[in-house]
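Since every read-out is calculated from the coordinates, none of them should be taken as a lab result. A quick note: this is a predicted structure, and the numbers were derived from the prediction, not measured. As a convention, Cβ positions derive from the backbone with ideal geometry for all residues, glycine included, and neighbour counts pool all protein chains shown.
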Amino acid sequence: MYMWWALSWLGLALAAGALLRWQAARHRRARARATQEHDHALDAQREDIHRQFHSRQQALFNSMREGILWLDRHGRVRMMNESLRTFFDVTTDVRGQTIMEAFRWHELAALAARLQREQNIFDAELEIQRVRRRCWQVNAAIVTGQPGGEEGLLFVFHEVTRLKELENIRTEFVGNVSHELRTPLSLIKGSAETLLDGAIHDPQQAMRFLQKIDKHSDRLLYLIEDLLVISRLESGQAALNLAQVDLRDLSQRVLDDLATRASSRQATLENKIPAQTIVCADADRLQQVFFNLADNAIKYGKNGGWVTVGARDAGDKTEVFVADDGPGIPPDALGRVFERFYRVDRARSRENGGTGLGLAIVKHIVQAHGGETWVKSEMPKGATFHFTLPKKPLPSTASSSSS
Ligand code: ADP
């Protein structure tokens with residue numbers, strides 16, 4: 001009896017133990033499952049945050065005008081923004097490629113190698129000649145993420161092509177101006193020295209050198225005047241005083257002013273502009289356009305030749321021309337005569353007191369009115385300069401100021 005009792009208790013105790021163990025195991029499994037689910041949820045959340053961060057970062061980079069390039073530690077592309085894609089005309093996915101594979105740009109690959117050594121690069125200048133020459137100022141840094149862990153190489157590209165072009169134009173302009181100033185100045189100085197060395201005591205010689213001084217001082221004055229005009233026109237400070245202008249009357253006043261000069265070269269001046277040709281222009285500036293073109297036609301035309309001004313209706317514009325029957329302009333110079341300081345025959349221009357700025361001034365004034373300038377010439381049959389003027393004020397010039 002006692003034995004049965006003991007066995008029953010033992011069985012009961014074993015069953016209770018097994019039940020407890022099963023319950024504990026079940027509990028453990030449930031806890032593990034809960035932890036796993038929690039971890040999965042956390043991972044998914046983290047991934048989501050990461051994805052959101054990256055797309056926000058990409059959107060931010062894409063909104064920038066600067067080019068952004070991010071390489072991994074091994075120099076392979078991880079990310080580039082839209083501006084850089086446009087700069088390099090990249091149409092495929094270049095992630096995972098090296099600089100040479102993605103852009104075939106040796107200088108950038110060399111810059112990346114330098115960055116690995118120096119950690120930071122400020123204001124490096126890179127140039128690339130593809131369809132045209134383009135220049136960039138590049139700043140770069142090694143970006144570290146987790147403490148001690150390098151995340152990659154970040155490059156920021158700022159395009160400076162236009163700035164470089166302007167810098168070159170400025171340097172060339174300063175060089176040209178210095179040259180143009182130096183030539184008459186050294187002739188003036190040379191003449192003054194010759195006078196001081198004794199020529200002053202010979203009335204004939206003295207007169208010759210004084211005339212030389214006078215002529216080259218005039219040249220300096222013209223040059224400075226033209227430089228001031230062009231600088232005002234280029235900086236947009238020259239306000240246009242727009243009004244309805246009678247083209248025939250205005251051009252006739254210019255031809256009258258040039259009559260003495262024309263007769264010294266036995267040139268005939270003709271005005272073929274129809275009466276009542278009205279344009280919208282700044283009369284003083286337009287007078288300068290006619291003066292420069294007609295003066296050139298007399299200067300570079302032939303002795304005893306003719307100079308004609310005319311105009312025709314061209315829709316909303318009036319097309320004007322100034323023609324001569326001189327030797328004309330060689331074909332290779334036709335595209336360059338409107339450039340500052342360009343002359344076909346340097347010596348002839350100087351001899352005539354030319355500054356090399358007359359046609360550049362014409363072009364600027366016409367442009368400020370919203371018109372165009374061009375030249376046609378067939379050697380040796382003469383040259384014809386054309387320009388257009390709007391009949392009504394353009395929206396950009398309506399406020400009476402040049403652009
Ligand atoms: P410049 O002060 O030398 O006259 P411009 O800018 O007025 O400067 O003219 C530039 C050059 O264009 C001149 O040096 C000349 O070689 C050429 N040129 C201008 N007008 C004529 C013309 N009517 N016939 C031939 N060549 C001309």
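Note down the relative contact order for region 161-238 as a percent, whole number, built from C-alpha pairs under 8 angstrom at least six residues apart. Kindly include the intermediate steps, with their values, before the conclusion.
Details: 30 pairs, mean separation 23.0, N = 78.
The normalised contact order for region 161-238 reaches 29 percent.
What does the highest-first list of 60-67, 302-309 look like by mean Cβ count within 10 Å?
Numbers: 60-67: 14.6, 302-309: 17.4.
Ranking the peptides 60-67, 302-309 by packing returns 302-309, 60-67.
Mind giving me the FRET efficiency for A59 and S235? R0 is 30 Å, r the Cβ-Cβ distance, nearest 0.05 is fine.
Efficiency, rounded to the nearest 0.05: 0.15.
In whole Å, largest first, what are the principal axis extents of the Cα atoms in the chain?
Projected onto the principal axes, the Cα atoms of the chain cover 163, 60, 35 Å.
Reachable lysines from K376, Cα under 30 Å, same-chain residues fewer than 8 places away excluded?
K376 reaches K272, K299, K302, K317, K363, K391, K392.
What is the local net charge at A239, summed over the other residues whose Cβ is closer than 15 Å to its Cβ (Lys, Arg +1; Asp, Glu -1)? Before the final figure, lay out the partial values.
Values: positive: R232, R285; negative: E234, D282, D284.
Once positives and negatives cancel, what remains is -1.
Springs between alpha-carbon atoms under 10 Å, Gaussian network over the chain: tell me which of R208, R253, R29 tops the mean-square fluctuations.
Fluctuation is largest for R29.
What's the percent breakdown of Cα-Cα distances in region 161-238 across 5 Å bins, shortest bin first?
3, 14, 16, 17, 14, 10, 9, 7, 5, 3, 1, 0
Let a ≥ b ≥ c be the square roots of the eigenvalues of the Cα gyration tensor of region 1-134; is it rounded (a/c under 1.5), or, if not, prolate (a/b larger than b/c) or oblate?
On the way: a/c = 5.91, a/b = 4.33, b/c = 1.37.
Cα axes put region 1-134 in the prolate bin.
Distance between Cα centroids, region 325-344 to region 58-104: provide it in whole Å.
Value for the Cα centre distance between the two parts: 46 Å.
Could you tally the net charge around K212, taking each other residue with its Cβ under 15 Å from the Cβ of K212, Lys/Arg +1 and Asp/Glu -1?
The answer is -1.
What is the dipole size for the chain, taken about its Cα centre, with +1 at each Lys and Arg Cβ and -1 at each Asp and Glu Cβ, in debye to the nearest 20?
1440 debye
Based on alpha-carbon centroids, what's the gap between region 257-312 and region 194-247 in Å, whole number please?
Distance between centres, Cα-based: 22 Å.
Hey, what number do you get for the chain at 222 nm if only DSSP H runs of n ≥ 4 count, each worth -39500 (n - 2.57), divided across all residues, to the nearest 500?
Mean residue ellipticity at 222 nm (helix-derived): -17500 deg cm²/dmol.
Take each of the peptides 16-22, 290-296, 181-187, average the number of other beta-carbon atoms within 10 Å over its residues, and list them starting from the highest. The partial results should precede the final answer.
Details: 16-22: 10.0, 290-296: 23.0, 181-187: 15.0.
Per-residue Cβ counts within 10 Å, averaged per peptide and sorted highest first, yield 290-296, 181-187, 16-22.
Just want to confirm a number: the relative contact order over region 298-403, from Cα pairs under 8 angstrom separated by 6+ residues, in percent.
It rounds to 30 percent for region 298-403.
Once the Cβ-Cβ distance between R21 and D43 is put in as r, and R0 is 22 Å, what FRET efficiency do you end up with, to the nearest 0.05? Show your work: numbers first, answer last.
Details: r = 32 Å, r/R0 = 1.47.
Calculated value: 0.10.
Among T355, H369, V320, which residue has its Cα furthest toward the positive end of the charge dipole of the chain, with +1 on Lys/Arg Cβ and -1 on Asp/Glu Cβ?
The Cα lying farthest towards the positive end belongs to H369.
Please provide three numbers in whole Å: the alpha-carbon extents of region 240-403 along the principal axes, with the largest listed first.
The Cα atoms of region 240-403 stretch 42, 30, 25 Å along their principal axes.
Summing +1 for each Lys or Arg and -1 for each Asp or Glu, what net charge is found among the other residues whose Cβ lies under 11 Å from the Cβ of V322?
Taking every other residue near V322 into account, the sum is -2.
Mind grabbing the base-10 log of I(q)/I(0) for region 60-159 at q = 0.12, 0.15, 0.23 Å⁻¹? Debye formula, identical points on the C-alpha positions, no solvent, two decimal places.
-0.35, -0.56, -1.40
Take every Cα pair under 8 Å in the chain that's 6+ residues apart, average their separations, divide by the length, and report that relative contact order as a whole percent.
Working: 562 pairs, mean separation 41.9, N = 403.
Dividing the mean separation by the residue count of the chain yields 10 percent.
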